[in-house]
Amino acid sequence: MTHYNICLSVAGSDPSGGAGIQADLKTFSALGCYGTTAITAITVQNTCGVTQSVPVDGPLVRDQMLAVLTDLSPRAVKIGMTPNAEIISHIADCLRAHPVPFVVLDPIIRSSSGHPLIDAAAIETMCRELLPLVSLVTPNLDELRCLSDKTDLVEAAREIISSFRVPAVLVKGGHAQGQPTDLLVTATTLTTFEGQRIDTPNDHGTGCTLSSAIAAYVAGGQDLPTSVSLAKQYVSQALTQGRDVSLGQGHGGMNHFFAPLPLRKQKI
């Protein structure tokens, strides 16, 4: 008998559909996974930016997660927006009580338009309680600086690994000048992923999509470096497919409607 590769997204809701829970569900579906969710915040945003963000009550986030974890047994969890310390503590409690084979954390600290999405107390709680429970953390350059005071990217990633017992860090280079290069860092290895900058107005949700695609590929049985490589290919293709689409007045979401590399089905 075969069953779905089930993935759980714990993240905020984006009514414009470009990022957060909505982007994660599109990605899971496109990659052949069954997507489940626990919503951490309701945002008011569109292609022009975020104007409001309201956290969901911590116990309600917990109960959403438990409803999925105790019934559907996801193979991978993607964690995105975690707006306050209470929510982060509940997420950590759920993962300690119901371990999942793979957990990726996209440490969203502010929106791409500059709107703060997490406070200082939440960052401290994330480092203390959540990071030791994840398999991979995927900071961009700004987020990396919030988690480490090292200026060298590899040294910063390894400080996070040693300080918070994280097995791997994927440093995303999309905000750097020139062609984007991502670094997958462990305590003993360094893998470089060269990218190509794609000129498109529809690039909202790239970080959410990348982390959820990694989760989907790992859930499908791929190892971590392969999953990162395939996920980057997926994001590039989604950006390319959507670059000529008219979607809103600002930065629209990517185009998930194409045939990506398939996942292997799991057998029980």
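Screening HIS251 on (1) buried (at least 22 other Cβ atoms within 10 Å of the Cβ); (2) outside any loop (DSSP other than H, G, I, E, B) shows it passes everything except condition (2).
Where strands (runs of 3 or more DSSP E) fall wholly inside the range 7-118, the ranges with 1 or more residues that are surrounded by fewer than 18 Cβ atoms within 10 Å (Cβ to Cβ) are 33-46, 49-55. Residues being free of Cβ contacts under 8 Å to residues at least 24 places away in the same chain and in contact with a Ser or Thr (Cβ under 9 Å, 6 or more places away or on another chain) are represented in the range 34-57 by at least one member. Within the range 161-212, the set of residues being at positive phi and at pLDDT below 95 comprises GLY178, GLY205.
Taking the conditions (1) buried (at least 18 other Cβ atoms within 10 Å of the Cβ); (2) in a helix (DSSP H, G or I) in turn, ALA121 satisfies each one other than (1). All told, LEU153 falls short of being surrounded by 18 or more Cβ atoms within 10 Å (Cβ to Cβ), in contact with a strand residue (DSSP E or B) (Cβ under 9 Å, 6 or more places away or on another chain) and modelled with pLDDT under 95.
Of all residues in the range 2-29, those that are farther than 21 Å from ILE109 by Cα have Cβ atoms under 6 Å from Cβ atoms of residues that are among the aromatic types (Phe, Trp, Tyr) and in a strand (DSSP E or B), 6 or more apart or on another chain, in TYR4/TYR34; ILE6/TYR34.
Considering LEU95, LEU130, LEU72, LEU105, which residue is in contact with a Lys or Arg (Cβ under 9 Å, 6 or more places away or on another chain), in contact (Cβ under 8 Å) with a residue 24 or more places away in the chain and within 30 Å of GLY220 (Cα to Cα)? It is LEU105. Scanning the range 221-248 for residues that are assigned to a loop (DSSP other than H, G, I, E, B) and either touching a Pro at 6+ places or on another chain (Cβ under 6 Å) or among the small types (Gly, Ala, Ser) (or both) returns GLY221, GLY242, SER246, GLY248.
The values are calculated or read from the model by the stated rules, or taken from the named source; none is laboratory data. For clarity, every value in this text was computed on a predicted model and none was experimentally measured. As a convention, Cβ positions derive from the backbone with ideal geometry for all residues, glycine included, and neighbour counts pool all protein chains shown.
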